[in-house]
Amino acid sequence: MPRPGTEATTTTTSGCEADCGVPAMKATLMMMSCRSRSRSGRAHWMLLLFCLLLPFPSHGPRAVEAFPGGYGINYGRIANNIPSPDKVVQLLRASKIRNVKIYDSDHSVLDAFKGSGLNLVIAIPNELVKDFAANESRSIDWLNENVQPYLPQTRIVGITVGNEVLGGQDTSLAEPLVQAVKNVYNGLKKFHLQDKIELFTPHSEAVFATSYPPSACVFKEDVMVYMKPLLDFFQQIGSPFYVNAYPFLAYISDPEHIDINYALFKPNPGIVDPNTSLHYDNMFDAQIDAAYAALQAAGYRDMEVRVAETGWASSGDQTEAGASVENARTYNFNLRKRLFLRKGTPLKPKRPVKAYIFALFNENSKPGPSSERHYGLFNADGRIAYDIGYEGLLPSSAPSYFLSLRENV
């Protein structure tokens, strides 16, 4: 993520700054030495060595690259019939999915990921947020137990603190969230891991007051009270803004007025944002740019938006319009193709979108509507739920619809 830095304007043509890469003040101090280079080869080499030893100007904290490429998967485990973690690693490697996010820090998963080469984001769940906010020592103990012993064999590249806390049902978690994040970061600093592990918290669409058109999106006033100090801190440490973006949920909330083709990345007229004149041919991009607009309106113009969850249910209740195998396959295939193109959005065309798909498996023990148990790309036995180009742990009877990533669905 680009961050503002301090740039000095050079007023000298001595050539020293070009050689050394130092600000103008240091160049001025050494101007006489630079001009004497032709008189002494020895002086020239000593000068170059001195230049290399000088500190370079700071441009803010270095962002941790926890998400190489653009495609990842959420590995949820609220089920009693899914494969063991070692089998899951086998499945992920066979599918060439290298970015994985889980919702806890289960040691059986951390052990299974040792030596796999897969990038893993682990989580501090909502029920621990208050405890972590009240006790910095709690975060240090947690890191000692769940992170430090596994590095570097297990590639832990990120930690989420809470999930969908702001705008969520438990409003008592909103105030302690930012302190919990700060305490975890301070713990990472004690272990010298702050430049190796990214820290973030995913948000739902409930943090926004409006999201249509995308350019009009702003944070809710009651959320902004807690969002601002959180964003201030994330901007300070270089963390992206993560949002859970579900065109499926938007569609089932208003199927009469939302074109399902717009939600599924299929050909459609799209929409034009009247404020920016930008054209959107899919809802996913519009949801991301809505988050960018909210950040810009709040004063965080350079913060990157990434997607912590997105997916489409392959089955649901009668009231959940559009929940079908065919729609889930279409959405996830077209999304995968879109992410592999490494392109940006209409508002941020040069910033490739990164997203974690929800989810790896159908989870039979999840509460809520039927759709909650049918987001998986794979069935519980490791077979593919539908064909978007992956191979399961076992042969599947699912119809083969797979097309080249260059083709349209």
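The values are calculated or read from the model by the stated rules, or taken from the named source; none is laboratory data. Everything numeric here is computed off the predicted structure, so don't read it as measured data. So basically every Cβ, Gly included, is an ideal-geometry build from the backbone, and we count neighbours across all protein chains shown. Side chains included, ligands, DNA and RNA excluded: accessible areas come from the protein's heavy atoms. Shrake-Rupley method; radii C 1.70, N 1.55, O 1.52, S 1.80 Å.
Taking (1) open to solvent by 30 Å² or more (accessible area, probe 1.4 Å); (2) at pLDDT 95 or above; (3) under 19 Å from the mean Cα position of the chain (by Cα) in turn, VAL121 satisfies each apart from (1).
Can you confirm whether the range 203-210 contains a residue that is modelled with pLDDT under 95, surrounded by fewer than 19 Cβ atoms within 10 Å (Cβ to Cβ) and over 27 Å from GLU127 (Cβ atoms)? Yes - at least one qualifying residue is present in the range 203-210. Here the condition is being open to solvent by 20 Å² or more (accessible area, probe 1.4 Å), assigned to a loop (DSSP other than H, G, I, E, B), free of Cβ contacts under 8 Å to residues at least 60 places away in the same chain and at positive phi; of HIS257, HIS192, it holds for HIS192 alone. Screening the candidates GLN148, GLN169 for the property of being at pLDDT 95 or above and out of contact with any Lys or Arg (no Cβ under 8 Å at 6 or more places or on another chain) yields one hit, GLN148. Which is touching a strand residue (DSSP E or B) at 6+ places or on another chain (Cβ under 8 Å), at negative phi and acidic (Asp, Glu), of ASP141, ASP104, ASP86? Just a single option satisfies the conditions, and that option is ASP104.
Only a single item in (1) touching a Phe, Trp or Tyr at 6+ places or on another chain (Cβ under 8 Å); (2) in a loop (DSSP other than H, G, I, E, B) is not met by ARG336, and it is number (2).
The condition of being open to solvent by 30 Å² or more (accessible area, probe 1.4 Å) and within 21 Å of the chain's Cα centre (by Cα) holds for only one of LEU278, LEU231, LEU249, that being LEU249. Inside the range 147-162, residues that are assigned to a helix (DSSP H, G or I) and in contact with a strand residue (DSSP E or B) (Cβ under 9 Å, 6 or more places away or on another chain) make up a count of 1. Once the range 281-302 is narrowed to residues that are in contact (Cβ under 8 Å) with a residue 24 or more places away in the chain and among the polar types (S, T, N, Q), the residue that is surrounded by the fewest Cβ atoms within 10 Å (Cβ to Cβ) is ASN282. If the condition is being in a loop (DSSP other than H, G, I, E, B) and not small (Gly, Ala, Ser), then the range 168-189 contributes GLN169, ASP170.
Restricted to the range 76-108, and to residues there that are farther than 27 Å from PHE200 by Cα and of a type in the set (Gly, Ala, Ser), the residue that is most open to solvent (accessible area, probe 1.4 Å) is ALA94. When LYS348, LYS343 are checked against the criterion of being under 30 Å from LEU278 (Cβ atoms), surrounded by fewer than 21 Cβ atoms within 10 Å (Cβ to Cβ), free of Cβ contacts under 8 Å to residues at least 12 places away in the same chain and among the charged types (D, E, K, R), a single residue qualifies: LYS343.
Being surrounded by fewer than 20 Cβ atoms within 10 Å (Cβ to Cβ), farther than 26 Å from VAL243 by Cα and free of Cβ contacts under 8 Å to residues at least 12 places away in the same chain is true of ASN144. Note on the range 147-183: residues that are over 25 Å from LYS228 (Cα atoms), of a type in the set (S, T, N, Q) and open to solvent by less than 50 Å² (accessible area, probe 1.4 Å) total 1. Close Cβ contacts (under 6 Å, 6 or more residues apart or on different chains) running from residues in the range 208-227 that are of a type in the set (Val, Ile, Thr) to residues that are open to solvent by less than 60 Å² (accessible area, probe 1.4 Å) and not in a loop (DSSP other than H, G, I, E, B) comprise THR210/ALA216; VAL218/ALA294; VAL223/VAL207. Taking the residues in the range 309-337 that are farther than 15 Å from ILE252 by Cα, touching a strand residue (DSSP E or B) at 6+ places or on another chain (Cβ under 9 Å) and in contact (Cβ under 8 Å) with a residue 60 or more places away in the chain as candidates, determine which candidate is surrounded by the most Cβ atoms within 10 Å (Cβ to Cβ). This residue is LEU335. For the subset of the range 360-371 comprising residues that are more than 17 Å from ASP387 (Cβ to Cβ) and out of contact with any Ser or Thr (no Cβ under 9 Å at 6 or more places or on another chain), which member is most open to solvent (accessible area, probe 1.4 Å)? Among residues in the range 360-371 that are more than 17 Å from ASP387 (Cβ to Cβ) and out of contact with any Ser or Thr (no Cβ under 9 Å at 6 or more places or on another chain), the one most open to solvent (accessible area, probe 1.4 Å) is PRO367.
Screening GLY115 against (1) in contact with a helix residue (DSSP H, G or I) (Cβ under 9 Å, 6 or more places away or on another chain); (2) within 20 Å of GLY72 (Cα to Cα); (3) of a type outside the set (A, V, I, L, M); (4) open to solvent by 50 Å² or more (accessible area, probe 1.4 Å) leaves a single unmet condition, (1).
ILE197 passes every criterion in (1) open to solvent by 30 Å² or more (accessible area, probe 1.4 Å); (2) within 30 Å of ILE140 (Cβ to Cβ) apart from (1).
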